[in-house]
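FYI, it's all coordinate maths here, none of it is from the lab. This structure is a prediction, so every number in the text was calculated from the model and none was measured. Note that each Cβ is placed from the backbone with ideal geometry, even for glycine, and that neighbours are counted across all protein chains shown.
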Amino acid sequence: MAPMRGMAILAALILALGGPRAAADVEVDVELVLAVDVSRSMTMNEREIQRRGYAEALVSAPVLQAIRSGMLGRVAIAYVEWAGADSQRVVVDWTLIRDAADAAAFARRLSADPGMAMRRTSISGAIDFAARMFDGNGFSGLRRVIDISGDGPNNQGRPVTGARDDAVAAGLVINGLPLMTREGAGLQWQLDDLDGYYRDCVIGGPGAFVIPVRDWGEFAAAVRRKLVLEIAGIAPPAPARLVPAADAPRDCLVGERIWERMRREWMQP
């Protein structure tokens, strides 16, 4: 009976202390969500360029050097594709990357997934989804970053500024990669000053930055540069970082206004 009594006492102690202790989170230099636009305004060619660009960047010498040079020498990365308010898909979940082998394994998983196009564009939905991914992910980063790429403004879900402000209040940094390439079926959604829209309406947090892509030939280099800056925790020089400030702030509801105008046009006889 004594062993049984001892086990009962141990069980009672565990219950009183709140159950078995969870394993400690793995400390990393940065927790990074790569949130990539796959709305229908993006052609299959553009989606393939994005996947290939991120896969190649992760195994590149500059990115690996940035990882090795961190205080801890390791990062945690997840890759998410997004479109409408309820259209997000985790392609590669949280993965610890310490060296070339880890990066190559991540790149292989990214390249193996065929991907798909989804409807609408909800940057706010992507930010909210990515922000929730940090909770209980098994990692503890010195910095937590959401990296948003997209080719148009928010046109579904709550206002993008609300999602941005909530994420920043939670201690996250949001960086932007606006795609200003003028390709695909969604030209009616594209803004001439999409980089300014991202600056004023999307990014936020200490050191947040925008790196615009104006030609798909620039994409791979832009992704490499962005990843190095995010992993190293360094903002780019001001002249290359942002477009000049406008006299007045951008209309952060411009995408919603375009959608409403087009909806009215579609309903006309």
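Condition (residue is of a type in the set (A, V, I, L, M, F, W, C), under 26 Å from Thr181 (Cβ atoms) and more than 15 Å from the chain's Cα centre (by Cα)) applied to segment 91-110: is it met by at least one residue? Spell out how you get there, then give the answer.
Restricting attention to segment 91-110, the residues satisfying the condition of being of a type in the set (A, V, I, L, M, F, W, C) are 91-92, 94, 96-97, 100-101, 103-107, 110.
Checking the rest, the ones that are also under 26 Å from Thr181 (Cβ atoms) come to 91-92, 106-107, 110.
Filter again for more than 15 Å from the chain's Cα centre (by Cα), leaving 106-107.
Yes, the conditions are met somewhere in segment 91-110.
I need a count of the residues in segment 55-88 that are free of Cβ contacts under 8 Å to residues at least 24 places away in the same chain and within 20 Å of Ala130 (Cα to Cα).
Of the residues in segment 55-88, 0 are free of Cβ contacts under 8 Å to residues at least 24 places away in the same chain and within 20 Å of Ala130 (Cα to Cα).
Which condition does Gly136 not pass, out of (1) free of Cβ contacts under 8 Å to residues at least 12 places away in the same chain; (2) crowded, with 19+ Cβ neighbours inside 10 Å; (3) on the phi > 0 side of the Ramachandran plot, if it passes all the others?
(2)
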